[in-house]
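Worksheet for the structure shown next.
The values are calculated or read from the model by the stated rules, or taken from the named source; none is laboratory data. The structure displayed is predicted, hence computed values, not measured ones. Cβ sites come from the backbone with ideal geometry, for glycine too, and all protein chains shown count toward neighbours.
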Amino acid sequence: MDALDGNAIAGSLFEHFGTEMTTAWGSCAHCGATAQVAELRVYIRAPGTVVRCPACGGVVIVLVTIRDALRIDDRRFRPAPGSTRDSG
């Protein structure tokens with residue numbers, strides 16, 4: 001399965017956080033690598049959308065719709081200081 005870049009989830013992230021997130025920096029909880037959301041590897045054919053670290057391949061974000069509500073688990077992609085999400 002081919003991966004898309006993080007821009008594939010831009011709309012969902014904007015809907016959830018209310019701000020542009022693809023330029024936000026974060027670090028992978030698995031390996032510590034830093035990347036912008038746009039650089040992450042996105043797989044949309046799973047039961048939900050799975051987002052992986054470009055360095056180690058670890059799952060850092062999962063997006064799923066449950067009962068018409070978007071749920072995002074992003075605990076494994078930590079906001080970098082000064083990133084869009086961290087500065088709010």
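Within segment 29-46, the only residue that satisfies the criterion of being more than 9 Å from the chain's Cα centre (by Cα) and crowded, with 19+ Cβ neighbours inside 10 Å is ALA35.
Considering each residue of segment 16-28 in turn, at least one proves to be surrounded by fewer than 15 Cβ atoms within 10 Å (Cβ to Cβ) and either on the phi > 0 side of the Ramachandran plot or in a strand (DSSP E or B) (or both).
When segment 5-15 is filtered for residues that are surrounded by 15 or more Cβ atoms within 10 Å (Cβ to Cβ) and either touching a Gly at 6+ places or on another chain (Cβ under 9 Å) or not charged (D, E, K, R) (or both), the ones remaining, listed by number, are GLY6, ALA8, ILE9, ALA10, SER12, LEU13.
With the structure loaded, tell me whether THR84 is part of a loop (DSSP other than H, G, I, E, B) and either at pLDDT below 95 or in contact with a Lys or Arg (Cβ under 7 Å, 6 or more places away or on another chain) (or both) or whether it fails that test. So THR84 fits the description; yes. When ILE61 is tested against the conditions (1) among the β-branched types (Val, Ile, Thr); (2) exposed (fewer than 14 other Cβ atoms within 10 Å of the Cβ); (3) assigned to a strand (DSSP E or B), the lone failure is (2).
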